[in-house]
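Contents: one structure, followed by commentary.
Only the coordinates and a few stated rules stand behind these numbers; no lab work does. Treat the numbers as computed from the prediction; the structure is a model and nothing was measured. No Cβ is skipped: glycine too gets one built from the backbone with ideal geometry, and neighbour counts run over all protein chains shown.
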Amino acid sequence: MNIFRLVGDLSHLLAIIILLLKIWKTRSCAGISGKSQILFAIVYTSRYLDLPNFVSMYNTLMKIVFIAASYATVYLIYMKFKATYDHNHDTFRVEFLVLPSFVLALLINHDFTVLEVLWTFSIYMESVAILPQLFMVSKTGEAESITSHYLFALGSYRALYILNWIYRYTTEDHYDLIAIVAGIVQTVLYCDFFYLYITKVLKGKKLQLPA
Amino acid sequence: HRSGKSKDEL
């Protein structure tokens with residue numbers, strides 16, 4: 001465990017908590033893509049099937065929190081606060097993300113076993129899972145500040161993981177090309193948003209796209 | 001260089 005990994009994980013955890021609190025406190029999931037949240041629930045489920053293989057208390061606890069929080073979020077959006085769900089703007093075709101991720105996982109993986117293919121699928125799936133949310137923001141042309149903070153924390157997490165991978169490559173001589181390439185793709189998808197976040201939201205303005 | 005999955009990562 002190095003500082004980049006730890007801050008990355010905490011940023012990831014913070015993002016999930018921000019989103020849950022936002023929905024719970026405002027009793028609304030307006031501006032949130034339910035489709036992205038379903039994709040994240042799929043990501044954690046397929047990745048953490050290795051939960052019985054104990055690594056550390058930290059590892060087990062985080063996995064359980066990520067899985068539980070993702071299902072709680074999906075429940076809040078599609079059941080409890082369903083009336084506030086903005087489905088007219090959540091129109092990204094997720095099959096265009098799920099199917100290619102799965103096919104790619106079948107073709108490029110570390111080991112052709114059920115667990116490994118599902119783990120690889122989760123890595124590919126995660127890298128593009130935010131697209132329905134970013135699509136929704138671009139469609140409505142704006143995002144609430146709290147939604148922007150959520151996206152910033154979530155995007156920062158994989159960027160910090162890239163630093164962690166560079167660190168591990170230099171200190172432990174270890175690297176995972178699948179995670180690295182997918183992690184870079186994932187981070188690049190947030191670049192446009194990062195720019196808007198720094199130039200607008202941090203200066204107290206609302207994230208609004210030019211008309 | 002060792003390539004492969006980092007089992008401790010999330």
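Remarks
- Any hit, region A:105-121, residues being among the hydroxyl-bearing types (Ser, Thr, Tyr), over 28 Å from A:TYR197 (Cβ atoms) and within 17 Å of the chain's Cα centre (by Cα): yes
- Here region A:166-191 is the region considered, the condition is being touching a Lys or Arg at 6+ places or on another chain (Cβ under 6 Å) and surrounded by 18 or more Cβ atoms within 10 Å (Cβ to Cβ), and the residue that is farthest from the other protein chains (Cβ to nearest Cβ) is A:THR187.
- Residue in region A:119-142 that is within 14 Å of chain B (Cβ to nearest Cβ) and touching a His at 6+ places or on another chain (Cβ under 9 Å) present: yes
So that you can scan it fast, the table gives a plain yes or no per residue for (1) of a type in the set (Val, Ile, Thr); (2) away from every other protein chain (no Cβ under 14 Å); (3) on the phi < 0 side of the Ramachandran plot; (4) in contact (Cβ under 8 Å) with a residue 12 or more places away in the chain:
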{"position": "A:SER28", "(1), (2), (3), (4)": "no, yes, yes, yes"}
{"position": "A:LEU51", "(1), (2), (3), (4)": "no, no, yes, yes"}
{"position": "A:ALA69", "(1), (2), (3), (4)": "no, no, yes, yes"}
{"position": "A:TYR78", "(1), (2), (3), (4)": "no, yes, yes, yes"}
{"position": "A:HIS87", "(1), (2), (3), (4)": "no, yes, yes, yes"}
{"position": "A:ASP90", "(1), (2), (3), (4)": "no, yes, yes, yes"}
{"position": "A:VAL98", "(1), (2), (3), (4)": "yes, yes, yes, yes"}
{"position": "A:LEU104", "(1), (2), (3), (4)": "no, yes, yes, yes"}
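- One residue alone among A:MET62, A:MET57 is within 14 Å of chain B (Cβ to nearest Cβ), farther than 20 Å from A:PRO132 by Cβ and either among the polar types (S, T, N, Q) or under 16 Å from the mean Cα position of the chain (by Cα) (or both), and that residue is A:MET62.
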